[in-house]
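Asks: A single structure is presented below for examination.
Quick note: the coordinates plus some simple rules give every number you see, no bench work behind them. Nothing here was measured: the structure is a model prediction, and the numbers come from that model. A quick note on method: Cβ atoms are made from the backbone with ideal geometry, for glycine too, and the neighbour counts reach across all protein chains shown.
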Amino acid sequence: MKTTGYRHGAKRSSSHDSFSFYIDESSPVGPEQTDAVQNFVSVFGTVAKKLMRKWLATQTMNFSSQLEAGVRFFDLRISTKPRDPDNELFFAHGLFSATVREGLEQISSFLSAHAREVVFLDFNHFYGVQNLHHEKLVSMLRDVFGEKLAPVVFAQEVSLQYLWEKEYQVLVFYHSPMALEVPFLWPGQMMPAPWANTTDPEKLIQFLQASVADRRRKGTFFVSQVVLTPKASTVMKGVASGLRETITERALPSMMLWIRAQRPGESGINIITADFVELGDFISAVITLNYHMDDEEENAT
């Protein structure tokens, strides 16, 4: 891979709801869930949570396994637990997952063993998080990653060569005003990730094409979410099967065709995120796009 700026070049594979392999069926329901979901769980208890997990867990590999497989961008949602005296921070998606520190330490261990690898951490949803929790998370990031944290610069300035020379390995994107106060928190608007919110693969591809075409004027990093989102009716029809069998696996062939047809460049693909990243050679297909970038550069010289 050449040391090209991320915005204009290197492709990164990404996992949607990256932490969700850890979802705990014994945990409380997350504070972002509707009253209807809360009531459903209060009536049906563990059975309800087992069904929820089939639709909420979008990954099967932990952070270490994802990193070893080639994932370098992590989609993260943070929550507190109601009435928790320790004010602990957890990853969450409907139900609670691992503690944030546990996940960050897995990532840091990988980076310490692979000095030329770089990861993007996108903290894009916060549930029940107050100022004191943000301060705790910022302190945790400093403690876990230290000098690996890259301070904010213009997206066009970020290249692998720049990061290697500075020995930076972690870019933290933070969708909260707190990002304006901390030098290593990249504002969330520098990592747009438009969401199609559809169960229809054809509509998703149309949305992806339109959003990639629109990317050229943004001057930022960019996430293409190759993700289908179930409706309530979809869940009811496949309640016992779950997200993977009902939606992801069935749509996989058309999704992979779209990914393989993409090309790098300023108005092309940057970061691609998906559910169940081990399916369909997703990771290798995204990494292969970098070689198209190399070919284009060689043809231009």
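Asks: Applying the Karplus parametrisation 6.51 cos²θ - 1.76 cosθ + 1.60 with θ = phi - 60° to the phi angles of region 71-78, what ³J(HN,Hα) value in whole Hz is obtained for each residue in order, glycine and proline being reported as x?
Replies: Once θ is set to phi - 60°, the couplings for region 71-78 become 6, 10, 10, 10, 8, 10, 10, 10 Hz.
Asks: Sticking with this one: What ³J(HN,Hα) values, in whole Hz, does the Karplus curve 6.51 cos²θ - 1.76 cosθ + 1.60 give for region 188-197 when θ = phi - 60°, with x put for Gly and Pro?
Replies: My calculation for region 188-197 gives x, 5, 7, 9, x, 9, x, 10, 6, 6 Hz in order.
Asks: Continuing with this model, one more query. Using modelled backbone amide H atoms (1.01 Å from N, in-plane), which distant-in-sequence or interchain residues come within less than 5 Å of ALA98's amide H?
Replies: Residues meeting the criterion, in which the H sits 1.01 Å from N, are TYR22, PHE91.
Asks: Something else: Sticking with the crude label model, points 7 Å out along Cα→Cβ, report the distance from GLU117 to LYS237 in nm, one decimal please.
Replies: 3.9 nm
Asks: With the chain treated as a Gaussian network of Cα nodes joined by springs under 10 Å, which of PRO264, PRO230, PRO82 yields the largest mean-square fluctuation?
Replies: PRO82
Asks: While we're on this one: Rounded, prolate or oblate: pick one for region 1-158, where a ≥ b ≥ c are the square roots of the eigenvalues of its C-alpha gyration tensor, a/c under 1.5 means rounded, and failing that, prolate if a/b is larger than b/c, else oblate. Could the numbers behind the result be given before it?
Replies: On the way: a/c = 2.25, a/b = 1.72, b/c = 1.31.
It comes out prolate by the Cα gyration axes.
Asks: Classify region 66-165 from the C-alpha gyration tensor, please: rounded if a/c falls under 1.5, else prolate or oblate depending on whether a/b exceeds b/c.
Replies: Cα axes put region 66-165 in the prolate bin.
Asks: Tell me, what HN-Hα J-couplings in whole Hz come from the Karplus equation 6.51 cos²θ - 1.76 cosθ + 1.60 at θ = phi - 60° for each residue of region 221-231, using x for Gly and Pro?
Replies: 5, 7, 10, 9, 8, 8, 9, 9, 10, x, 8
Asks: With a bin width of 10 angstrom, please list the P(r) values of region 144-301 as percents of all Cα-Cα pairs, from the 0 bin to the one holding the largest distance.
Replies: The distribution over region 144-301 is 9, 31, 33, 21, 5, 0, given as percents.
Asks: Below 15 angstrom from the Cβ of LEU51, what's the summed charge of the other residues (Lys, Arg +1; Asp, Glu -1)? Let's see the in-between values first.
Replies: Working: positive: LYS49, LYS50, ARG53, LYS54, LYS237, ARG244; negative: ASP24, GLU25, GLU245.
After counting each charged neighbour, the total is +3.
Asks: Summing +1 for each Lys or Arg and -1 for each Asp or Glu, what net charge is found among the other residues whose Cβ lies under 14 Å from the Cβ of GLU245?
Replies: Details: positive: ARG53, LYS54, LYS237, ARG244, ARG250; negative: GLU249, ASP275.
Net local charge, GLU245 excluded: +3.
Asks: Something else about it: Which shape class, rounded, prolate or oblate, goes with region 197-283 when its Cα gyration tensor gives a ≥ b ≥ c as root eigenvalues, a/c under 1.5 marks rounded, and past that a/b bigger than b/c marks prolate? Mind dumping the intermediate values first?
Replies: Details: a/c = 2.56, a/b = 1.87, b/c = 1.37.
Because a/c hits 1.5 or more and a/b exceeds b/c, region 197-283 counts as prolate.
Asks: Can you report the principal axis dimensions of the chain using only the alpha carbons, biggest first, rounded to whole angstrom?
Replies: The principal-axis extents, from largest down, are 66, 43, 33 Å.
Asks: Give, as a single signed number, the net charge of other residues whose beta carbon lies under 12 Å from the beta carbon of LEU95, with Lys and Arg counted +1 and Asp and Glu -1.
Replies: Values: positive: LYS49, LYS50, ARG53, LYS54, ARG77, LYS81; negative: ASP17, ASP24, GLU25, GLU32.
Result for the neighbourhood of LEU95: +2.
Asks: Relative to the Cα centre, what is the charge dipole magnitude of the chain, using +1 at the beta carbon of each Lys and Arg, -1 at the beta carbon of each Asp and Glu, and rounding to the nearest 20 debye? All intermediate terms of the calculation are to be shown ahead of the outcome.
Replies: Details: 29 positive and 35 negative charges, 132 e Å.
In debye, rounded to 20, the chain gives about 640.
Asks: What residues have an amide H closer than 5 Å to that of ILE269, excluding those fewer than 5 places away on the same chain, when H is modeled at 1.01 Å from N in the peptide plane?
Replies: ARG263
Asks: Have a look at ARG101, ARG215, ARG83 and tell me which one the Gaussian network model of the chain (Cα, springs below 10 Å) gives the largest fluctuation.
Replies: ARG83
Asks: Still on this structure, I have one more. ASP275's amide H: which non-local residues (gap 5+, or another chain) put their own amide H closer than 5 Å, with H modeled 1.01 Å from N in plane and none for Pro or chain starts?
Replies: Amide H to amide H, under 5 Å and 5 or more residues apart or across chains, ASP275 pairs with HIS16.
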